[in-house]
Structure formats: structure tokens, C-alpha cells
Amino acid sequence: MGERVLGFSSIDLDPDHFSKDPVYEFGCETWKSWADVKVRDPAIEGWFPMWNLTFVCLLSLNDPPRHRVDVSVAKCRNAGIKVIMVTGDQPTTAAAIAQKVNIVTDPKLEYNYIRKTFPDMDPCEAWKKSPSIVIHGDELARVHMAEEAFENSEIEKGRIIMDWISKPEVVFARTTPS
């Protein structure tokens, strides 16, 4: 829990197209737009083959929280300060780290966990049972964009986000600086 697992694969690439000098710029940020393209197209910058790879290994990385963060969180809580975690980590990683540092006290009572574990449970009932919530950054952005159209005087503007942060234990995961 809270570890990152990376898979590594290899493939022999044609040095005529994938050179070291000049360095070929692999398009790792745009691969989803050309992932199904099976033949090299010079018009697609950064393209590289995504099939017939040879699996090499899995690597597990453990990036533990800083020493005594859990104590700091406890001191904040005792002082009446609510701690909200905002991270770029995936939700499952974020929830595991939040548990390690006592931001989320019981991951089985987290709203999304309850909804996945008990799919027939009414969302309102799951909301009432859960003291914690982990919100994916994409969901935060979607709600923010939807509410941008509201007038500032609109009573519903900000309600969803306010509902989220009304929970005692809140984690925003997979967030970006924007």
C-alpha cells in the first residue's frame, strides 16, 4: 500500500529512425493520440512502437511520508486545525499515504471505497456513513468547470466542493497546479 509499481519493457528500435545523434524526442506526453498507429508516420512527432514489447521486470518504489508527519497531523487536529491533503499521486496511493499520516483514519469508511464495496447502497447513505473522501483531480476540475458558468450570487456555486471539504478527512488526489 502506498507503493508505486512500474513495469519495464524493451524493444529493438531501428537506429535510422530512433537516433542518438541527433537525439530522437520520444512523445511520451502525446502517446494516447497515436497509440493505435502501427506503422511509423513521420508526420507524428515522437511516435514509437507500443506493441511487441518484451516484458523485462516490475519495480516497486516505496516513498514513505516524511518522518513525524503523522505527529504533526495529530497536533493540528488537537489544535482544531483541519488537515486537507492535496497531492499529485493516484487516489489509491494518496489514500494509503493519508492513512499512514493519520489524515484518513479508516480507509474502509472512505466514501468511494464504500460506493465500490457496496454498489447497491444509496449514495446519500454512503455519504452519511463516510467520514472521509478522496477526490480525483479530474473530478475537481469537472465540477469547477461546470460551476464557472454560475453567477457568483448563485447559491449552488461551490456547493459540491463545500460538501467535499465538509468531511472531517479530505484528500485531493491526482491534482495539477492549475
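Residues are listed down the side, and each one gets a yes or a no for (1) in contact with a Cys (Cβ under 8 Å, 6 or more places away or on another chain); (2) farther than 23 Å from C76 by Cβ; (3) in contact (Cβ under 8 Å) with a residue 40 or more places away in the chain:
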position: T105; (1), (2), (3): no, no, yes
position: L109; (1), (2), (3): no, no, no
position: R115; (1), (2), (3): no, yes, no
position: P123; (1), (2), (3): no, yes, no
position: P131; (1), (2), (3): no, no, no
position: E147; (1), (2), (3): no, yes, no
position: I155; (1), (2), (3): no, yes, no
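Criterion first (exposed (fewer than 12 other Cβ atoms within 10 Å of the Cβ) and either touching a residue at least 60 places away in the same chain (Cβ under 8 Å) or among the hydrophobic types (A, V, I, L, M, F, W, C) (or both)) does L59 satisfy it? Yes, satisfied.
The set of residues in the range 77-105 that are open to solvent by 60 Å² or more (accessible area, probe 1.4 Å) and either farther than 22 Å from D63 by Cβ or assigned to a strand (DSSP E or B) (or both) comprises R77, N78, A79, G80, I81, K82, I84, V86. Of the residues in the range 158-175, at least one is open to solvent by 60 Å² or more (accessible area, probe 1.4 Å), in contact with a His (Cβ under 6 Å, 6 or more places away or on another chain), under 29 Å from E3 (Cα atoms) and in a loop (DSSP other than H, G, I, E, B). Yes or no: the range 38-55 includes at least one residue that is at pLDDT 90 or above, over 19 Å from the mean Cα position of the chain (by Cα) and among the aliphatic types (A, V, I, L, M). Scanning the range 38-55 turns up at least one residue that is at pLDDT 90 or above, over 19 Å from the mean Cα position of the chain (by Cα) and among the aliphatic types (A, V, I, L, M). Exactly one residue out of S153, S178 is touching a helix residue (DSSP H, G or I) at 6+ places or on another chain (Cβ under 9 Å), exposed (fewer than 11 other Cβ atoms within 10 Å of the Cβ) and more than 22 Å from I81 (Cα to Cα), and it is S178. For the range 63-76, the count of residues that are open to solvent by less than 70 Å² (accessible area, probe 1.4 Å) and assigned to a loop (DSSP other than H, G, I, E, B) is nonzero.
Can you find a residue that is touching a strand residue (DSSP E or B) at 6+ places or on another chain (Cβ under 6 Å), polar (S, T, N, Q) and open to solvent by less than 90 Å² (accessible area, probe 1.4 Å) anywhere in the range 131-144? Checking the range 131-144: at least one residue is touching a strand residue (DSSP E or B) at 6+ places or on another chain (Cβ under 6 Å), polar (S, T, N, Q) and open to solvent by less than 90 Å² (accessible area, probe 1.4 Å). Within the range 109-147, the set of residues being part of a helix (DSSP H, G or I), of a type in the set (A, V, I, L, M), over 20 Å from the mean Cα position of the chain (by Cα) and at pLDDT 95 or above comprises just one member, A126.
The values are calculated or read from the model by the stated rules, or taken from the named source; none is laboratory data. Just so you know, these numbers come straight off a predicted model, no measurement behind them. Neighbour counts are summed over all protein chains in view; Cβ atoms, including those assigned to glycine, are modelled from backbone coordinates with ideal geometry. Heads up: the accessible areas ignore ligands, DNA and RNA and are worked out on the full protein's heavy atoms, side chains in. Shrake-Rupley method; radii C 1.70, N 1.55, O 1.52, S 1.80 Å.
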